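See below for the structure under consideration.
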Amino acid sequence: MVAAGTVLGSLSLLSLLTYGYLAWDSLGQRPGDTGSGPGSSPPSTQPHIIFILADDQGFRDVGYHGSEIRTPTLDQLAAEGVKLENYYVQPMCTPSRSQFITGKYQIHTGLQHSIIRPTQPNCLPLDNVTLPQKLKEVGYSTHMVGKWHLGFYRRECMPTQRGFDTFFGSLLGSGDYYTHFKCDSPGICGYDLYENDSAAWDHDNGIYSTQMYTQKVQQILASHDPRKPIFLYIAYQAVHSPLQAPGKYFENYRSINNINRRRYAAMLACLDEAINNVTLTLKKFGYYENSIIIYSSDNGGQPMAGGSNWPLRGSKGTYWEGGIRAVGFVHSPLLKNKGSVCKELVHITDWFPTLITLAEGQIDEDIQLDGYDIWETISEGRRSPRVDILHNIDPIYTKAKNGSLAAGYGIWNTAIQSAIRVKHWKLLTGNPGYSDWVPPQAFSNAGPNRWHNERVSWSAGKTVWLFNITADPYERVDLSAKYPDVVKQLMRRLSQFNKTAVPVRYPPKDPRSNPKLNGGVWGPWFKEDEKKKKPDKSKGAKKPKKSKKK
């Protein structure tokens, strides 16, 4: 450390950030400290925007939701900010990320089915304007650190081509936290750590990704001028599987018998410390007083991988509340109602118009957004402009065997997987996914022990559910038979949304995606010269056929 500190002289702190994971707690500071510290400067009129996205964090998996996993940083930041307690995301990685960065529902980008697989020639459609692109228009420096998962088969799909000045992180949905290797299937394996548009071999020192990404964020903040606005999108890999964490974070969780839950707890403890370090770096370099820190999970937790959504129903990958109701809060000195709880309806698409407006940017009239500007709702406690959320319509998900248009009163085919929220009401159709409630006791053994789960006995042929989420957030009382008129009303709304849907983009895998053909690295494989040659060849092949027919 001493040697590193002498390299840059006046920027000795930057050296520490580069070569080691700085122990800010040794300075006797926690995130709530208000000192601006050295390097502070007059704030720009536009706020610094720090969006932190956790991966697969369960609804219960934060201290202030009653978890046995301690998250002092998240608890304090949330307590001093605004907790979002009616906040929704999508049930999986790609859908939430695409909606955050475009402000559009999946049905309006073509990504309404599943996730983007590593071998698929697919990405967020290039005709969609992204949040970093809009922020760059008004002078922001834009940086992304962490997990992309919005496709990369063409160079134009890469983060640096979608509005980010710099990118350091992974392109895929998961991978080893230390080696950054990922196997999509036997023999289809590759390296997945990037700096901008190239594999980051030189920056790979075997450091745990949560810590490595935090160091990168600290370097970015140390080298940027805080008088100029910055947008930092920090998409941590944690706490997604594989379940890995440095040994020291297990110390407080030896009593957790369930090995997956214990590993998950250690991962979350490390993540909490990382966010503490990010927050304190914002203060050290003079960003904090003019910053907006937003924290969100991308979807619900996966109980089989240690996550807990209790007391909500279901898990990641489902449209039950446990899959889509997320941990979220906003922390900022710019908030008017600090220390409050927002119970108004908020969705991940809302960040796009909210942040562009805060940044003094313009939203083009021809962009059909599904998000709303909810800053006054969060900061001042006003009513949300949002009254409904289309959770999704997936026309190619496995159809419910007993669903039909007749079961949907001739309005909606209940075989189709869909979910919608309108005010207090939530309607689900088709196959909503794994529907158990998984209480904390389920993690007491090697399990989760399915005997502890509250199992659901399905009524034969059931493909429609209706809940009053305000009165029954745990989805225990199905009201579809009691209120058929409400069911019809929500089905009509589904039908209206469906008329605006674009075709699903879910192409078959492309063998050219194999990392063995790309130097052992996951990365763009669709070359522009191939794209141009192929149509020419096909045209040339068709001409003789046409002449023969003539």
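The values are calculated or read from the model by the stated rules, or taken from the named source; none is laboratory data. Since this is a predicted model, take the numbers as computed values, not measurements. Cβ: placed from backbone, ideal geometry, glycine included. Neighbour counts: every protein chain shown. These area figures cover heavy atoms from the full protein model, side chains too; ligands, DNA and RNA do not enter into them. Shrake-Rupley method; radii C 1.70, N 1.55, O 1.52, S 1.80 Å.
Yes/no per residue for (1) touching a strand residue (DSSP E or B) at 6+ places or on another chain (Cβ under 8 Å); (2) among the aliphatic types (A, V, I, L, M):
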position: Ala406; (1), (2): no, yes
position: Tyr409; (1), (2): no, no
position: Arg421; (1), (2): yes, no
position: Leu427; (1), (2): yes, yes
position: Gly430; (1), (2): yes, no
position: Trp437; (1), (2): yes, no
position: Pro440; (1), (2): no, no
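Only residues that are assigned to a helix (DSSP H, G or I) and open to solvent by less than 40 Å² (accessible area, probe 1.4 Å): list them for the stretch 474-496, please. Working first, answer last.
Within the stretch 474-496, the subset assigned to a helix (DSSP H, G or I) is 484-496.
Within the stretch 474-496, Val486, Val487, Leu490, Met491, Leu494, Ser495 qualify.
Regarding Thr160, is this residue touching a Pro at 6+ places or on another chain (Cβ under 8 Å) and not in a loop (DSSP other than H, G, I, E, B)?
Considered against the rule, which asks whether it is touching a Pro at 6+ places or on another chain (Cβ under 8 Å) and not in a loop (DSSP other than H, G, I, E, B), Thr160 comes out as no.
Could you give me the residue pairs with C-beta distances under 6 Å whose first residue belongs to the stretch 155-174 and is more than 23 Å from Ile49 (Cα to Cα), whose second residue is in a helix (DSSP H, G or I) and at pLDDT 95 or above wherever it lies, and which are 6+ apart or on separate chains?
Cβ pairs passing all conditions: Gly173/Cys93.
Restricting attention to the stretch 365-391, which residues are open to solvent by 50 Å² or more (accessible area, probe 1.4 Å) and modelled with pLDDT under 95?
Glu365, Asp366, Gln368
If you scan the stretch 82-115, which residues turn out to be farther than 17 Å from Leu355 by Cα, over 10 Å from the mean Cα position of the chain (by Cα) and open to solvent by 10 Å² or more (accessible area, probe 1.4 Å)?
Hits for the stretch 82-115 are Lys83, Glu85, Asn86, His108, His113, Ser114, Ile115.
Need pairs with beta-carbon distance below 6 Å; first residue farther than 19 Å from Pro72 by Cβ and within the stretch 240-255, second of a type in the set (Lys, Arg); sequence gap 6+ or separate chains.
The qualifying pairs are Leu243/Arg263.
Out of the stretch 215-273, which residues are open to solvent by 40 Å² or more (accessible area, probe 1.4 Å), among the small types (Gly, Ala, Ser) and not in a helix (DSSP H, G or I)?
Across the stretch 215-273, the qualifying residues are Ser241, Ser255.
Failed condition for Leu126, given (1) over 28 Å from Val504 (Cα atoms); (2) assigned to a loop (DSSP other than H, G, I, E, B), with all others met?
Tallying (1) over 28 Å from Val504 (Cα atoms); (2) assigned to a loop (DSSP other than H, G, I, E, B), Leu126 fails exactly one: (1).
Looking only at the stretch 134-153, decide whether some residue is more than 30 Å from Pro473 (Cβ to Cβ), open to solvent by 10 Å² or more (accessible area, probe 1.4 Å) and assigned to a strand (DSSP E or B).
yes
Which residues, counting only those in the stretch 416-434, are open to solvent by less than 10 Å² (accessible area, probe 1.4 Å) and not in a strand (DSSP E or B)?
Answer for the stretch 416-434, where residues must be open to solvent by less than 10 Å² (accessible area, probe 1.4 Å) and not in a strand (DSSP E or B): Gly430, Pro432.
Which one is modelled with the highest pLDDT among residues in the stretch 439-473 that are in a helix (DSSP H, G or I) and closer than 19 Å to Asp61 by Cβ?
It comes out as Pro440.
Answer yes if at least one residue in the stretch 395-417 is within 30 Å of Ile293 (Cβ to Cβ) and of a type outside the set (Asp, Glu), and no otherwise.
no
So which residues in the stretch 326-344 are buried (at least 24 other Cβ atoms within 10 Å of the Cβ) and either touching a Pro at 6+ places or on another chain (Cβ under 9 Å) or hydroxyl-bearing (Ser, Thr, Tyr) (or both), if there are any at all?
His331, Ser332
Looking at (1) touching a strand residue (DSSP E or B) at 6+ places or on another chain (Cβ under 9 Å); (2) open to solvent by less than 60 Å² (accessible area, probe 1.4 Å); (3) over 22 Å from Asn122 (Cβ atoms); (4) in a loop (DSSP other than H, G, I, E, B), which is the only condition Tyr177 fails?
Condition (1) is where Tyr177 drops out.
Does Gly306 satisfy the condition of being over 16 Å from the mean Cα position of the chain (by Cα), open to solvent by 10 Å² or more (accessible area, probe 1.4 Å) and on the phi > 0 side of the Ramachandran plot?
Here the answer is no, as Gly306 does not meet what is asked.
Inspect the stretch 282-303 for any residue being assigned to a helix (DSSP H, G or I), at pLDDT 95 or above, open to solvent by 10 Å² or more (accessible area, probe 1.4 Å) and among the hydrophobic types (A, V, I, L, M, F, W, C) and give the result as yes or no.
No, there is no match, as no residue in the stretch 282-303 is assigned to a helix (DSSP H, G or I), at pLDDT 95 or above, open to solvent by 10 Å² or more (accessible area, probe 1.4 Å) and among the hydrophobic types (A, V, I, L, M, F, W, C).
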